[in-house]
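To keep things clear, I will list the structure first and then write my remarks on it.
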Amino acid sequence: MRNFLALVGRIWEILARRVDNFLMASALAIVGVGLVTLFSASDQNMARVSSQALSLGFALVLMWIVANVAPQQLVRAAVPLYAASVLLLVAVALGGTMVNGSRRWLNLGIGRFQPSELMKIALPLMLAWYFQKREARLAFGDFIVAAVLIALPVWLIKREPDLGTALMIGASGFYVLYLAGLSWKIMLGLAAAAGAAAPLVWPHLHDYQQERILTFIDPARDPLGAGYHSAQASIALGSGGVIGKGWLNGTQTHLDFLPERHTDFIFAVFGEEFGLIGNTVLLLLYLLLIGRALMITANASTLFTRLLAGAITLMFFTYAFVNMAMVSGLLPIVGVPLPLVSYGGTALVSLFVGLGILMNVQANRKLVKT
Amino acid sequence: MRRLFVKRGRPFSALEPPELKNPERELSHFRRRLIAATALIVLGFAGLVGRFVYLQLFQHQHYQTLAESNRIAIVPIVPNRGVITDRNGVVLAQSYSAYTLEVTPSRVKNLDETIDELAKLVDIQLRDRKRFRRLLEETKNFESLPLRTRLSDEEVARFAVNRYRFPGVEIKARLFRQYPFGEIASHVIGYIGRINDRDVERIDEWDETANYKGSDYIGKVGLELSYERELHGTTGVEEVEVDAGGRAVRTLSRTAPTSGNNLRLSLDIKLQQAIEAAFGDRRGALVAIDPANGEVLAFVSKPGFDPNLFVEGIDPASWDALNDSPDKPLLNRPLRGAYPPGSTIKPFLALSALTSGKRTATQTIFDPGFFQIAGSAHRFNDDKKGGHGTVDMTKSIIVSCDTYYYMLGADSDIDVTHDFLAQFGYGGKTGIDIEGELPGVLPSRAWKRERFAGKNYREEHRKWYLGDSVSAGIGQGYNAFTPVQQAEAIATIANDGVAFRPHLVRSIENVKTGAVRDIAPELRHTVAVKPEHLAVVKNALIGVAREGTGARAFVGAQYVSAGKTGTSQLFSLKGEKYSAGHIDERLRDHAWYLAYAPAAHPRIALAVLVENGGFGAQAAAPIARAVFDYYLLGRAPAAASGEAPHPADDESD
């Protein structure tokens, strides 16, 4: 009996050895919120919740593996992973599955898979690898190379079309550049150039994208058309009030007024049913997770791990912020899911892989010292 | 170039060797960047908190209201329209519930495609499509419009299974109006139809707009129109929770509708049927009244129409057939047909003369077969060649002597005559409870002045001439009365000068409480006439039916009836001898018969008009006989005398 307990204890030790408790606890709390909300958003459809839970199990296994590999393995994986991701994106462009007018998925036989999700990890990994390699001799040309490495997947994803994800991937690349020390002058210059280019880009945007931006500027423009989703989401949040309407009691949710309510707009469901208090608690959980990730980043031992962990952390924040800002009407509608909460297996897996990388970085912070 | 990548501090020289790289400096530089990022994160989350506080705390009320109005819809529940029955409770108009396939055009992307798809599940005919198109043009887009009515159970089931494919298409239970007797009494009952802009104005005037929410139909003609507010009922309200697609999810509260009141008519549908059968293919009108209280026992306008055609909107072919027919089946003849009374006016003129003192009962004239105004060569001919000889008042009515009344007309003041006759209901509305009654024409000097007041007329047109009085003496000239007025007038004689307002509705039943409100007889007028004068005329009327112009139709009757024949000329004879056989059927004279029975204690008084029937005695009187036989003896009339009568020249009117 003692032996059995000792065995269990030993197994637990191995399992938990490289798992960061703080990160793990906050992530699972957010996932828990997600599952509870998903149950309500899918009109108490347990099948959807179990499917998400199954993805979670898979994501946790992958996270554990990533957390436990030798740090050198991550470095070595960077180039092949990036190359594979780009190839998969090309494959999507050539023969992907159409859903709702976008070609974003690859059918793998066992299920659909979104290569752009893989790129979320692959691009920061690739850039971190590149900057680590060039660490001693970093020159302006390296940033040009980096820009090309970023632009390629962004362009491929943008033409799926999936503007939201393309922007997010672009942001993840930009974060690496920023953390690698890109001059403020250049960043400001780029921002100015982007502003100046906007009128040139405008005619190239799809009608629905133009519509979304116009609607964002003036929501009353077309309340039953493009502004409908945004308006209904605001109504859901606002009518939730301070304490919310209670779990399973959101009228906006259950009477079909909310679009995409178990994916991109799941936060509106949460905010309607749990109110301002619920929203604040959820923000706090994100803040804990991101805060811990920032600490891990600050303590990372190599340039590679610093850049990688930093980019993953900032991406986490960006996803959460953009989604909640979009649902609450602060930003135009872009297709960005709420991390760890929105329904979707691929996103959940890539997020947990990101957490696994952070845990790996944390576990190896003293082992490799430059 | 290195300078480009550092944030602050002394810029590195481009020439500085890379191996002098400082890890400590690198790390602190990285950390500063991380701190800047952290600040951004905190700022971003603070912004979100601010937005949430704004939405969920400060704007909560506003959004709460929006969410409520999003989810709650007020749905009117249309009440059951009242049932119309005859005096014995036989149903003449009723509502029944049936399923309809309805389309809300604003929620359907491609109407034609949708209808084509629906046609695969449900039988949709070309005329359904046409009617739908017409409704589409008439109404607003967000209303739900019926595409197919009266679906079978199988069709309902087939659509229900496929409903998800058709957003904006629904099955609804609707109330339909049905008139089981079709053409019989169609002009009395009328019909309902879809509410149009004019009806909306009417509803607005009644201040009933809220009560008609959800109602699609309203009375258009007949009793359905005049008793609309009794029949309609009170609309109920259901508060339902709806989803984003507008479909009701559950009921929150419900106020039941109150059914409209039931109407029980004084009409006897069997009598009505018997009369319509007696008319056969002939055109005309008959109004029968209970003289003691004004109850209308029969109200016939031939030809009729099938009111069921109108309920769902009549198809153009049927409409054209009805509207363009020379028989004018849509004309409510008893109410709106004004015909010269012909000789039927004579008993009233006789009574007028007795009352004014122009004649006594026994005073006689000599009838040479014509009348001439002093100093004029024009002869007003009598119907009988050679004349009736010596004629007193009683004989003048029994044989319908024209010369007697030419003379009386010439001796009378038209205004005095007008005022006396007006007491019987002529020249004004009788007040019968169907809308649209016409007043007809009862001429007087003032009337003629008014009638020819227009600029196209000169003074000589407006003046009253002696010749006018002579023509008026035999009910020709300007006189034009409706069958309702004629029936009311003869009923007034039958009831010894006491006139009740004629009415079709006998009682009104409140379905909810079961309370029955009887329509009390309404005294319209009491004619100022002496009983002995009345007795003279009434006796003469009995004589008409016994030995006079109406006698042939009443041979062998088991009751004593009283009546007066009449023929109203359509065709100016210009002194020539009228020979009905030689002129166009539609230019023949109209035949009248006014009658009541039993003569001593009248239970029924009626006016019959047969258009282009020729002599009243021949065409109209037999119908009166059939009505009396049925009503007084309970005897079904012998096979309808449907064949057109053969006018005989020797018979006088």
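Before moving on, here are some points about what is shown:
- For the residue pairs B:LYS385/B:LYS530; B:LYS384/B:LYS448; B:LYS270/B:LYS512; B:LYS346/B:LYS429, the alpha carbons lie more than 27 Å apart in B:LYS385/B:LYS530; B:LYS384/B:LYS448; B:LYS270/B:LYS512.
- Whole-angstrom gap from the stretch A:238-305 to the stretch B:321-351, using each part's C-alpha centre: 83 Å
- Going from the residue with the fewest nearby Cβ atoms within 10 Å to the one with the most, B:ASP197, B:ASP402, B:ASP411 rank B:ASP197, B:ASP411, B:ASP402.
- Inter-part distance where the stretch B:355-412 and the stretch A:1-72 are each reduced to a Cα centre, Å: 121 Å
- Each Cα pair under 8 Å and six or more residues apart adds its sequence gap; the mean of these over the residue count of chain A is a relative contact order of 27 percent.
- Per residue of B:60-71, other chain Cβ atoms within 10 Å of the residue Cβ number 6 on average.
- One Cα centroid belongs to the stretch A:159-197, the other to the stretch B:62-76; the line between them spans 43 Å.
- Sequence-distant contacts, meaning Cα pairs under 8 Å at least 6 residues apart, place the relative contact order of chain B at 14 percent.
- Cβ charges +1 (Lys, Arg) and -1 (Asp, Glu), total dipole of chain B, debye: 2980 debye
- Shown for the stretch A:47-363: lysine pairs separated by 8 or more places, or found on different chains, whose C-alpha atoms are under 27 Å apart, numbering 4.
- Peptide packing for A:115-122, B:371-378 was compared via the average number of neighbouring C-beta atoms within 10 Å per residue; ordered from the highest value, the list is A:115-122, B:371-378.
- Label sites at B:VAL249 and B:SER28, each approximated as a point 7 angstrom past Cα along Cα to Cβ, lie 6.1 nm apart.
- Per-residue mean of foreign Cβ neighbours for A:235-247 is 6 (Cβ atoms of other chains, 10 Å radius).
- Residues B:SER97, A:SER239 in ascending order of nearby Cβ atoms (within 10 Å, fewest first): B:SER97, A:SER239.
- Listed residues B:VAL200, B:TYR465, B:GLY475: farthest to the positive end of the dipole of chain B (Cβ charges): B:VAL200
- Each of B:TYR457, B:TYR339 was scored by other Cβ atoms within 10 Å of its Cβ. Listed from fewest to most, they are B:TYR457, B:TYR339.
- Amide hydrogen proximity for B:GLY427: with H placed 1.01 Å from N in the peptide plane, the residues at 5 or more positions away or on another chain lying under 5 Å are B:VAL441, B:LEU442.
- Measuring how big chain B is from its alpha-carbon positions, Rg and Dmax come out at 39.0, 156 Å.
- Rounded to the nearest 0.05, the FRET efficiency derived from the C-beta distance between B:ALA422 and B:ASN196 at R0 = 41 Å is 0.65.
- Virtual spin-label span in nm between A:ALA16 and B:LEU136, 7 Å along Cα→Cβ: 7.1 nm
- Computed about the Cα centre, the dipole magnitude for the stretch A:47-363 is approximately 820 debye when only Lys and Arg (+1) and Asp and Glu (-1) carry charge, each at its Cβ.
- Here, the stretch B:87-203 yields an orientationally averaged convex hull projection of 9.2 nm² when only Cα atoms define the hull.
- Using a simple spin-label model with pseudo-atoms 7 Å out from Cα toward Cβ, B:ALA36 and B:HIS601 lie 11.8 nm apart.
- Average partner coverage of B:24-36, which counts Cβ from other chains inside 10 Å: 4
- Computed E for B:SER97/B:ALA256 - FRET, C-beta separation, R0 22 angstrom, nearest 0.05: 0.90
- For the peptides B:465-472, A:15-22, the ranking by mean Cβ contacts within 10 Å, running from highest to lowest, is B:465-472, A:15-22.
Read the figures in this text as sums done on the coordinates, not as results from a lab. The model shown is predicted, which means the values in this text are computed figures rather than measured ones. Cβ: placed from backbone, ideal geometry, glycine included. Neighbour counts: every protein chain shown.
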